[in-house]
């Protein structure tokens, strides 16, 4: 499984990479939303993880760009990763086109459960992640 993590904090990327490595997934890193969008042009990903708050383009804007594509990549499952605790945050992210939201610090169980949910949704319920 090829996962893109768009996150400006190197330590957060490293922690999530270690978690995904346990599951045998390959993680590609992008330090900015702009870099992440370029990687989506160049590669296929089964899941995209996007930090909500980054310098430059934020996560919700990046989700809008992905969902506005005219190819199959517009449907890639997207999980917003955030430390933001706003009451309506989950609803705003889902309304923007994200498939799920998880909170920092990222727990392995939360990450894998969210990935399992978004992958199952796209496959009619047959997808699994360890």
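So here's what we get for this one:
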{"read-out": "Extension gain (nm, one decimal) between residue 86 and residue 109, 0.36 nm per residue minus Cα-Cα", "value": "6.1 nm"}
{"read-out": "5 Å-binned pair-distance histogram of segment 63-110 (Cα, whole percent)", "value": "5, 21, 27, 21, 15, 8, 3"}
{"read-out": "Quarter of the Cα convex hull surface for the chain, i.e. its orientation-mean projected area (nm²)", "value": "7.2"}
{"read-out": "Inter-part distance where segment 64-96 and segment 21-56 are each reduced to a Cα centre, Å", "value": "13"}
{"read-out": "Extension reserve of the residue 74-residue 95 stretch, reckoned as 0.36 nm per residue once the Cα distance is removed", "value": "6.0 nm"}
{"read-out": "Residue order, fewest to most surrounding Cβ atoms within 10 angstrom, among 82, 61", "value": "61, 82"}
{"read-out": "Calculated FRET efficiency for the pair residue 67/residue 14, C-beta based, R₀ 25 Å, to 0.05", "value": "0.35"}
{"read-out": "Length-normalised contact order for the chain - Cα pairs under 8 Å, 6+ apart - percent", "value": "21"}
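Each value in this text was obtained by applying a stated rule to the coordinates, not by laboratory testing. Because the structure is predicted, anything quoted here is derived from the model rather than measured. So basically every Cβ, Gly included, is an ideal-geometry build from the backbone, and we count neighbours across all protein chains shown.
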